[in-house]
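Input: a single structure, listed below in structure tokens.
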Amino acid sequence: MSELPPDLPRLRILETWLRLQLTAVRARIQHLEQQERDRPVPVRPPRPDWLLETERRGGRDGRPVRVHVGGCGQARGRAISRGQAVDALGQGVEACYGCRPDTELGILG
């Protein structure tokens, strides 16, 4: 810390200034904490139950490649319904080897 004034009057002035600064800092902290509490919590859309991965051709979806369970870490695709997942697997679309949607759906592959 820097050198403090040697005399009492200047130390009292410094003390008052520091008290005012501390009050201002605390008020700012309280204001920012209130803003944090008032900020709406972002809501993620619900994770789909099933996903259909398709070939990518020129930025467009191509033929269906694989069916995934919604939480699969390898899943890339669009959300589909349970019925669509069953239909896709029944039409020969591959089941992901990691998340095994066929087992999850009760389809013996």
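The values are calculated or read from the model by the stated rules, or taken from the named source; none is laboratory data. Remember, it's a predicted structure, so these values are computed and weren't measured experimentally. Neighbour counts run over all protein chains shown; Cβ positions are idealised from the backbone, glycine included. What goes into the accessible areas is simple: the full protein's heavy atoms, side chains included, and nothing from ligands, DNA or RNA. Shrake-Rupley method; radii C 1.70, N 1.55, O 1.52, S 1.80 Å.
In the range 1-31, what residues are assigned to a helix (DSSP H, G or I), open to solvent by 80 Å² or more (accessible area, probe 1.4 Å) and hydroxyl-bearing (Ser, Thr, Tyr)? The answer is THR23, and nothing else.
The residue pairs whose first member lies in the range 33-49 and is free of Cβ contacts under 8 Å to residues at least 24 places away in the same chain, whose second member is surrounded by 10 or more Cβ atoms within 10 Å (Cβ to Cβ) and hydroxyl-bearing (Ser, Thr, Tyr), and whose beta carbons are closer than 8 Å, counting only pairs six or more residues apart or on different chains, do not exist in this structure.
From the set of residues in the range 56-83 that are within 18 Å of PRO101 (Cβ to Cβ) and in contact with a Lys or Arg (Cβ under 7 Å, 6 or more places away or on another chain), which is most open to solvent (accessible area, probe 1.4 Å)?
Across the range 56-83, the extreme among qualifying residues is GLY71.
Quick one: is ARG37 at pLDDT below 95 and not in a loop (DSSP other than H, G, I, E, B)?
Values: at pLDDT below 95: yes; not in a loop (DSSP other than H, G, I, E, B): yes.
For ARG37, the condition - at pLDDT below 95 and not in a loop (DSSP other than H, G, I, E, B) - is met.
Candidates GLY71, GLY98, GLY109: the one that is at pLDDT below 90, within 26 Å of the chain's Cα centre (by Cα) and part of a loop (DSSP other than H, G, I, E, B) is GLY71.
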